[in-house]
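The values are calculated or read from the model by the stated rules, or taken from the named source; none is laboratory data. In this text, all values refer to a predicted model and were calculated from it rather than measured experimentally. For neighbour counting, all protein chains shown are included, and Cβ atoms are generated from backbone atoms with ideal geometry for every residue, glycine included. We work out accessible area using only protein heavy atoms, side chains counted, and drop any ligands, DNA or RNA first. Shrake-Rupley method; radii C 1.70, N 1.55, O 1.52, S 1.80 Å.
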Amino acid sequence: MKVVRRTTMASFVVTLVLVPLCAAQDFQSLASNISKSITASGRKTVAVTDFTDLDGNPTKLGRYLAEEFSDALFSEAKGFDVIDRTNLKAILQEHKLATSGLIDPATARKLGQIAGVETLVTATITPFEESVRLSLKVVDTETAKIIASSRYDVPRTKTISDLIATSEVTASGSVEQDKDGRTVQRSSPVVAM
């Protein structure tokens, strides 16, 4: 009986510690490749937007993956600055630039002018049975031209599946948990970033 408990506890610890480490290491490789493209383009400032579902809606999973990628990109940045996502979100809200996860060329241009951002990293997430496909694009804010793109399959762990489930409930306009863990009603998408 004790052996079973130790094995279960050990696998629990491995899941808590190694799964996030694997995802972070995988994002480092992706960020390294994207960083090289940004450096080669000569752009000096980059912001990572919330990653969205195929309908352009920001999700909890998209926010999580955007945060992870933003951190990885920052550690790989050579010759450019990565703008803090929290500050960028505040700018978007203050100037009422976006009400969904979609950033059109006019919004990108305005964001570039206001925040001094030359490049945006956007992505869509598509859940599959064993993974979540991340289709990432690096876009020039002035021209809306794609500077770089990449696809990456994020392994579908329990945590990823839980975030997908939470996002599906939120997208239907029903319930979501606030920062204090209370259930709240949401009827429209949250501002992206």
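Of the cross-linked pairs Lys89/Lys145; Lys89/Lys110; Lys60/Lys110; Lys36/Lys145; Lys137/Lys158; Lys44/Lys137, which ones have a Cα-Cα span greater than 19 Å in the structure shown?
Lys89/Lys145; Lys60/Lys110; Lys137/Lys158
If amide H atoms are built 1.01 Å from N in the plane of the peptide, which residues on other chains or at least 5 residues away come under 5 Å of the amide H of Asp81?
Amide H neighbours of Asp81, under 5 Å, 5+ apart: Thr45, Val46.
If you build the Cα gyration tensor of the range 47-139 and take the root of 5 times each eigenvalue, what three semi-axes come out, in whole angstrom, biggest first?
Details: eigenvalues 90, 55, 24 Å².
Sorted largest first and rounded, they come to 21, 17, 11 Å.
Ranked highest first by the average count of other Cβ atoms within 10 Å around their residues, in what order do 31-42, 78-89 fall? Intermediate results must be reported in sequence, preceding the final value.
Details: 31-42: 17.7, 78-89: 15.8.
Descending packing order for the listed peptides: 31-42, 78-89.
Taking all protein chains as present, what is the carbon and sulfur share of the accessible area of the range 19-89, in % to the nearest whole number, probe 1.4 Å?
Carbon and sulfur together cover 52 percent of it.
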